[in-house]
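To start, the structure under review is shown below, and the notes come after it.
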Amino acid sequence: MQDNRIPPQKRPMTEAEILRRRTLRRAAIKRQKRRRTLFLSACGLVAVLLIAGIVLLCRGCGHTEGKPHNESIYGSFAMSDKSCVYTFREDGSGELRLSGAPYKFRFTLSGRTLSIDFEAEALTDCEYEVAYTDTGLELTAGKGTATQGEKYILNRTEK
């Protein structure tokens with residue numbers, strides 16, 4: 001069967017209809033731009049918060065090489081065989097236990113230079129260069145020592 005219907009004719013739009021459509025289209029474009037801007041702003045904020053969280057997390061769980069775990073000279077430090085134990089107190093006093101025998105001293109730390117002044121005149125006052133490690137101290141023998149330049153590793157035994 002043949003379709004004999006007459007197709008609907010489009011009538012020309014009036015000036016008011018043209019203006020109304022143009023206004024609606026412009027409003028739709030503005031809404032679309034606002035949504036896009038809001039979405040991109042939210043994505044940027046999430047990215048910044050995520051990066052800040054990662055930085056804080058990484059900073060909290062590790063240490064940098066420039067600042068080891070504990071840069072405090074106060075406490076007790078022993079050589080690996082425990083034959084030599086140094087104890088440094090906050091009041092500037094200390095004790096060296098050498099094969100069980102105690103030797104009292106006073107110390108000062110100026111920068112990386114540790115100066116030890118023994119109470120016993122039998123022991124020579126000396127200086128060491130201090131480097132902090134993850135497990136304790138590394139002392140490099142300096143003035144007043146028999147073996148200048150030799151390095152000694154001392155592990156922290158107590159704080």
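The values are calculated or read from the model by the stated rules, or taken from the named source; none is laboratory data. Keep in mind that this is a model prediction, so the values were computed, not measured. So basically every Cβ, Gly included, is an ideal-geometry build from the backbone, and we count neighbours across all protein chains shown.
Assorted remarks:
- Criterion (part of a helix (DSSP H, G or I) and at pLDDT below 70) met by exactly one of G44, G60: G60
- Residue check, E127 part of a strand (DSSP E or B), within 29 Å of the chain's Cα centre (by Cα) and on the phi < 0 side of the Ramachandran plot: no
- Residue match in the range 104-114 (condition: loosely packed, with under 15 Cβ neighbours inside 10 Å and modelled with pLDDT under 85): no
- The range 132-159, subset of a type in the set (D, E) and farther than 21 Å from D117 by Cβ, residue surrounded by the most Cβ atoms within 10 Å (Cβ to Cβ): E138
- Positions within the range 73-115 being β-branched (V, I, T) and either in contact with a helix residue (DSSP H, G or I) (Cβ under 6 Å, 6 or more places away or on another chain) or not in a loop (DSSP other than H, G, I, E, B) (or both), in sequence order: V85, T87, T108, T113
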